[in-house]
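Taking it in order: structure first as structure tokens, then the write-up.
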Amino acid sequence: MGDGRRGDVTDRATAGFRQRYGAEPAGRWAAPGRVNLIGEHTDYNDGFVLPFALPLRTVVAAAPGPDRRWTVWSELDDEPVEFGAEEADDPGRVDGWAAYVAGVVWALRAAGLDVPGARLAIASDVPVGSGLSSSAAIESAVLAALVDLGALDLPAERWPRLAQRAENDYVGAPTGIMDQSAVIRGREGHALFLDCRTEEVEQIPFDPAAAGLAVLVVDSRAPHRHADGEYAARRKSCERAAATLGVAALRDVPTADLDTALARLDDDETRRRVRHVVTEDQRVLDTVALLRAGRVREIGPLLTASHASMRYDFEITVPEVDTAVEAALAAGAHGARMTGGGFGGCVLALVDADAADTVADAVAAAYAERGFAAPGTLTVQPAGGATRL
Ligand code: ADP
Ligand code: MG
């Protein structure tokens, strides 16, 4: 999935900087993509998620520039984009991919910080638009660069919220706090247990390699069909159900009371939506408990149950991801599920490290049999979050 042909991502950002600006960068900052181990559509229900940071990263090479001016180049585009404080202070004025950069400048300035003018060059190994959060990676790498260059007084706990604000309010993409939290706070050998209500986080040991395991990530390459409309519909359905049940959010329905709660809902579709959210929250908690106990392999069935719940109750899967999950399980994966909001995106499978290729081949073969575009596959271990290199 990462494109090895292009060479090292840090070298590409550095070379891009030299070529564009005819100078050496003052430094290089990196932020990873992320994948959600378990906990889907629980975030806006005030529930739990368990993402981890990927070894694929976005790197920003940067140096101070003229006051209140920002120039940014990305290897995804030919031309650099330049903007000043006036455009940065007016959400939406900078559009296209550079909005993710202008959004960070905007969020920092809106927080009253004196953001230094800068020149930036960006390279990335995080696939764009596959659900591995290249958006949070670019925001967080740029944020790290600007905070350092300006020696801004911004404690790390505030970074995720600021990066999220850039994406929500400047770019105009309504995402929760999970992506930025994972990308900024991720730690090698750990997953990040995030309570979306309190925003409390806890590092949970998750070291598949130490247990002889690996996580195989499959880019389903499925076109995102109606994803925005379906997402909005699921959200509305959950909000209505919470109102009917007299709770602030579905997170407040205890698993033990699920049957009673379901009996109070009058249509089958809503009942299935609620059942997904309540059982998914429980699966996150169960996964955390197993990982705390070092029982990594045993989380497999929870992953697979999560997929079934998304497929039959929440109805957010598509044939490509169902095929990938089924093929991975048939080839010996301990568990597999779609990860991300649905209607495409990626699948992850927990596999024996030495079986990763076999499982990847089995998924590719199942795709070929059904005439789907070849999937991308990648084996990952939990990596560290945003950092200066
Ligand atoms: P995802 O976060 O799942 O990859 P999004 O649609 O949320 O998908 O974000 C993808 C967008 O983020 C891209 O279309 C582009 O505008 C921006 N982006 C991400 N990485 C880069 C990059 N390296 N250079 C320029 N823009 C990027
Ligand atoms: Mg994104």
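Of all the criteria given as (1) assigned to a strand (DSSP E or B); (2) crowded, with 19+ Cβ neighbours inside 10 Å, the one not satisfied by GLU40 is (1).
Scanning region 202-223 for residues that are surrounded by fewer than 16 Cβ atoms within 10 Å (Cβ to Cβ) and not small (Gly, Ala, Ser) yields GLU202, GLN203, PRO205, PRO223.
Let's see how each residue does on (1) of a type in the set (Phe, Trp, Tyr); (2) outside the structural domain of THR58 (by TED's automatic domain parsing); (3) within 20 Å of LEU302 (Cα to Cα):
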{"position": "CYS346", "(1), (2), (3)": "no, yes, yes"}
{"position": "ALA349", "(1), (2), (3)": "no, yes, yes"}
{"position": "ASP354", "(1), (2), (3)": "no, yes, no"}
{"position": "ASP357", "(1), (2), (3)": "no, yes, no"}
{"position": "ALA364", "(1), (2), (3)": "no, yes, no"}
{"position": "TYR367", "(1), (2), (3)": "yes, yes, no"}
{"position": "PRO375", "(1), (2), (3)": "no, yes, no"}
{"position": "ARG388", "(1), (2), (3)": "no, yes, no"}
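What single numbered condition from (1) among the charged types (D, E, K, R); (2) within 12 Å of ligand 2 (Cβ to nearest atom); (3) out of contact with any strand residue (DSSP E or B) (no Cβ under 7 Å at 6 or more places or on another chain) fails to hold for ASP179? Answer for ASP179: the failing condition is (3). What residue, among those in region 105-134 that are over 14 Å from the mean Cα position of the chain (by Cα) and either at positive phi or assigned to a helix (DSSP H, G or I) (or both), is farthest from ligand 1 (Cβ to nearest atom)? So, considering only residues that are over 14 Å from the mean Cα position of the chain (by Cα) and either at positive phi or assigned to a helix (DSSP H, G or I) (or both), the one farthest from ligand 1 (Cβ to nearest atom) is GLY112.
Inside region 217-268, can you point out the residues that are in a helix (DSSP H, G or I), touching a residue at least 60 places away in the same chain (Cβ under 8 Å) and among the charged types (D, E, K, R)?
Selection gives GLU230, ARG234, ARG235, ARG251, ASP252.
For ASP228, the criteria (1) buried (at least 17 other Cβ atoms within 10 Å of the Cβ); (2) modelled with pLDDT under 95; (3) outside the structural domain of VAL126 (by TED's automatic domain parsing); (4) within 16 Å of ligand 2 (Cβ to nearest atom) hold in every case but one, which is (1). Annotation note: of ALA26, ALA62, ALA30, the sole residue that is outside the structural domain of THR255 (by TED's automatic domain parsing), more than 18 Å from SER124 (Cα to Cα) and among the hydrophobic types (A, V, I, L, M, F, W, C) is ALA26.
Taking the conditions (1) touching a residue at least 40 places away in the same chain (Cβ under 8 Å); (2) more than 16 Å from ligand 2 (Cβ to nearest atom) in turn, ASP169 satisfies each one other than (2).
There is at least one residue in region 142-158 that is within 16 Å of ligand 2 (Cβ to nearest atom), out of contact with any strand residue (DSSP E or B) (no Cβ under 6 Å at 6 or more places or on another chain), touching a residue at least 40 places away in the same chain (Cβ under 8 Å) and under 24 Å from VAL35 (Cβ atoms). In this structure, ALA261 does not satisfy being buried (at least 24 other Cβ atoms within 10 Å of the Cβ) and among the small types (Gly, Ala, Ser). How many of the residues in region 135-163 are surrounded by fewer than 24 Cβ atoms within 10 Å (Cβ to Cβ) and either of a type outside the set (A, V, I, L, M, F, W, C) or closer than 17 Å to ALA98 by Cα (or both)? Qualifying residue count for the region: 8.
Taken together, GLU75, GLU87 contain a single residue that is touching a residue at least 12 places away in the same chain (Cβ under 8 Å), under 30 Å from LEU216 (Cβ atoms), surrounded by fewer than 24 Cβ atoms within 10 Å (Cβ to Cβ) and of a type in the set (Asp, Glu), which is GLU75.
A single entry from ASP281, ASP268, ASP313 fulfils the requirement of being over 15 Å from HIS41 (Cα atoms) and modelled with pLDDT of 95 or more: ASP268. When region 168-182 is filtered for residues that are small (Gly, Ala, Ser) and away from ligand 1 (no atom under 11 Å from the Cβ), the ones remaining, listed by number, are GLY172, GLY176, SER181, ALA182. Can you name the number of the only condition in (1) touching a helix residue (DSSP H, G or I) at 6+ places or on another chain (Cβ under 6 Å); (2) surrounded by fewer than 17 Cβ atoms within 10 Å (Cβ to Cβ) that VAL274 fails? Looking at each condition in turn, VAL274 falls short on (2).
Looking across VAL126, VAL81, VAL105, VAL101, one residue alone is over 30 Å from GLN282 (Cβ atoms), out of contact with any Leu (no Cβ under 6 Å at 6 or more places or on another chain) and within 16 Å of ligand 2 (Cβ to nearest atom). It is VAL101. Just one residue in the set ALA88, ALA110, ALA156 is modelled with pLDDT under 95 and in the same structural domain as SER74 (by TED's automatic domain parsing); that residue is ALA156.
Within region 269-300, the set of residues being in a loop (DSSP other than H, G, I, E, B) and in contact (Cβ under 8 Å) with a residue 60 or more places away in the chain comprises just one member, GLY294. Total residues in region 197-216 satisfying the condition of being in contact with a helix residue (DSSP H, G or I) (Cβ under 7 Å, 6 or more places away or on another chain), closer than 23 Å to ASP281 by Cα and assigned to a loop (DSSP other than H, G, I, E, B): the figure is 2.
The values are calculated or read from the model by the stated rules, or taken from the named source; none is laboratory data. Keep in mind that what you see is a predicted model, and the values were worked out from it rather than measured. Neighbour counts run over all protein chains shown; Cβ positions are idealised from the backbone, glycine included.
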